[in-house]
Structures are given as C-alpha cells and as structure tokens.
Amino acid sequence: MTTYIIALVLGVFFGFSLNKAGLTKYHKIVNVFRLTDMAVLQFMMSGLVVSMIGVYSLRALGAITFPNIPATYIVGNLIGGLVFGVGMALSGYCPGTCVAGGGEGKLDYLIPGLLGFLVGAILYGLTYQLVFPAISAMANYGNITIPKLWNVNPFLFVTLFAFISILLFYLIDRAGLHRKDNNQ
Amino acid sequence: MKKMIDYIKKEIWSPYVAGILLGVVGVLAVWLSDNLLGASGAFENIAGSVGKAIAPNLFDNLYFNFIMPPGLTWGVVLLIGVFFGGMLGAATSGTLMWGKKGSANSDAQWKRIFGPQIWKRWAIAFIGAIILEYAAGIAGGCTSGLAIAGGMLLAPAAFLFIAGMFASGIVIARLVYGKRY
C-alpha cells in the first residue's frame, strides 16, 4: 500500500513538472525539433544532471542499489528512438506528457492520445515475438552503464555530463541558439 | 513566501527549475520504492488488462502473461498521479481546459498551421500515439522510462534513444512544416 501511495505522490509531482515546463503543449514539443524553443532539451538535461548526481551519490553512500538498468541493444534502442521521434513530431506529445495534458482537460490529448497508446500497446504485445527477440539480439550489451562499459569512474562521467549540459545551456540562453520563429 | 507562491502560479516555469523537480522525482522513485519513472510500460499493463477481458485467447501470449503482465502495477499508479499532476499544474495557473471551448483542438500554433478542423488534429495525433507506443516497445522505454530513468543511471541505451528521437523529430518537423519550418 505504501508503495502505491509513493507512486501516486511522485506521479503528481512528475505531471506537475511536465505541466510547468510547458511540455503538455503541442508547440513546445514540436518547436524543439524546429529548433525555435529548446525547453524540452533544457528540461530533460537539467533533470538528468540532478538525477545522475542524486542516484550515483546515494549509491556511493550505500543508501540505494540500482533497480533494473534499461538494456542496451544498439540497433533496437536507435531504431526505437528514430520511430519514436516521428510519433512525437506528429502528435506533439510523448506518453507521459499526453497523460498530464489529459489531466488538464485537453480532449485532443485525452481521447486520440490515450486510445492511440492502447492500440499501439496491443499491436506491440501481439507482435512482440516476431519483432523484439531479433532486434534485441543485435549488438546487445545487456543491462550495462557507460562507466562500466568504458571502465571509468562514474563521478568523472557525471561531472563531464554536467559540464557539457551547462555549456549547452549557456549557448542556448546567451548566444541566441533560438532560431527566429516565423509562426509566432 | 509571496514571491514563491507567485512563481508556482506561473503558467510556464524556467525549464531548469522544472527540470530540477523532475530530477528529484526520478531520484526519489529509486530511493523510496526501488522503481524507475516510466509511462509507456504502464500502457502495456493496461492493454493487457483490457485485452484479457475482451479476447482472453488472443492475449494469452508470452508478452501479456510474463513480460508485461496486466494489472495495477507501480507504473500504472504513477501514471494516474501524472494525470492529477497535470491537472494540479494547470489549476495553479488557471489554465484548466475541462469543458472549455477549444479543448478539443488545444494548441494555437497547430491551428495556425493546419487549420481548426478537430478531425485532422485527432487523426494525426492518434496515428502519432500508436507510433510512439510501438516505438517505445522496440526501444525498451519512452522519454521517461528510457531517456530520463535510463539516462540518470548512465545506460548507453538512453543516449542512443535520445539521439534517434531528435534526428527523426527534426526531419519530420521539417517535412510537416515545409516552407514554414
């Protein structure tokens, strides 16, 4: 029961952050691909920097062990990402932002979005055995992390990632990486 | 204090402030309940529940029995929370759309580019959503379950996924927007 309450509360904060970042709006998602508004990237990367520092520090302190690390199988991860980007640019959402947008009362999120995910999930579940074993067998590294793969100290990598992110944020904010938008 | 309340009420926060909140939520999920954030997986659980109720024989396969079994999983409860989180966020800025005119085609930029027809928005969004969920299955997660949750653990899979997502997203946005890109 406690674990469900935690899930519900964390879900509320998760959906809240998606709403406040503006990601529950079609134009915010598609404009990152038009390179006119980088909020999606800024949101994702700052979230990654904070959470990387958090989980690696907590693990070093012995407070947590990592849950199942998402598996790396290069061809499938990449193809999946490529196909996912198509869906994102067309619909202007991803599964999480669509649910949060639905909570805001947007019917173009609530109805075609949730129905589409259900249909997609059914199609995937029914074709899983035809598709997944073959794709995931190619260049499969299992539940690996970059520090393990390259045999480097994770904190070195986290620091590097944080510096790259801050540099990118600086470029986006100061040097005017925002392309002029003809549609505003 | 008043300044903080005023900030919370803003419709759009700095993406960095919202991102920090996202990061903290991602860490707490692991710390408090040994789980990873995610969204697409929960739809697989829900699809399994729906499918097994309607056509039990068809859905009696390896995937819906063992890989993504149906039921009220941690991820499904998280997703219910996300729904109310979006609602709460919009409520604090007074931008809730429930019962409002325009809630069926909610984005001004969409309407300016593609017109006000609701069927058009819904048809493209529906197809997009099918593609999203299927792709998340192949990749091993979506923007939350793979890009954020996998990225924070430094799984190479997450960065491959993000690279693919931006590459094709840019191409499709160019195609869809044409001269107006």
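Of these, A:80, A:125, which one is modelled with pLDDT of 95 or more, crowded, with 22+ Cβ neighbours inside 10 Å, more than 27 Å from residue B:25 (Cα to Cα) and at the interface with chain B (Cβ under 7 Å from one of its Cβ atoms)?
The match here is A:125.
Right, residue A:108: at the interface with chain B (Cβ under 7 Å from one of its Cβ atoms), of a type in the set (D, E, K, R) and touching a helix residue (DSSP H, G or I) at 6+ places or on another chain (Cβ under 6 Å) or not?
On the way: at the interface with chain B (Cβ under 7 Å from one of its Cβ atoms): yes; of a type in the set (D, E, K, R): yes; touching a helix residue (DSSP H, G or I) at 6+ places or on another chain (Cβ under 6 Å): yes.
Considered against the rule, which asks whether it is at the interface with chain B (Cβ under 7 Å from one of its Cβ atoms), of a type in the set (D, E, K, R) and touching a helix residue (DSSP H, G or I) at 6+ places or on another chain (Cβ under 6 Å), residue A:108 comes out as yes.
Anything in the stretch B:61-110 that is buried (at least 17 other Cβ atoms within 10 Å of the Cβ) and of a type in the set (D, E, K, R)? List them, or say none.
Within the stretch B:61-110, B:107 is the sole residue that qualifies.
In the stretch B:30-60, which residues are surrounded by fewer than 24 Cβ atoms within 10 Å (Cβ to Cβ), facing another protein chain (nearest Cβ under 7 Å) and within 16 Å of the chain's Cα centre (by Cα)?
Result: B:46, single match.
Would you list the helices (runs of 4 or more DSSP H) that sit entirely within the stretch B:80-171 and hold 1 or more residues that are touching a residue at least 24 places away in the same chain (Cβ under 8 Å) and more than 16 Å from the chain's Cα centre (by Cα)?
By residue number, B:108-114, B:149-152.
Given the condition among the acidic types (Asp, Glu) and at pLDDT below 95, answer yes or no: does some residue in the stretch A:100-107 qualify?
no
Exactly one condition in (1) more than 7 Å from chain B (Cβ to nearest Cβ); (2) more than 15 Å from residue A:18 (Cβ to Cβ); (3) free of Cβ contacts under 8 Å to residues at least 12 places away in the same chain; (4) not in a loop (DSSP other than H, G, I, E, B) is not met by residue A:32; state its number.
(2)
Within the stretch B:65-85, is even one residue among the aliphatic types (A, V, I, L, M), farther than 29 Å from residue A:136 by Cα and not assigned by TED's automatic domain parsing to the domain that holds residue B:180?
Yes, some residue in the stretch B:65-85 is among the aliphatic types (A, V, I, L, M), farther than 29 Å from residue A:136 by Cα and not assigned by TED's automatic domain parsing to the domain that holds residue B:180.
The values are calculated or read from the model by the stated rules, or taken from the named source; none is laboratory data. Quick caveat, the model's predicted, so the values are computed rather than measured. Heads up, the Cβs are rebuilt from the backbone with ideal geometry, glycines too, and the neighbour counts pull from every protein chain shown.
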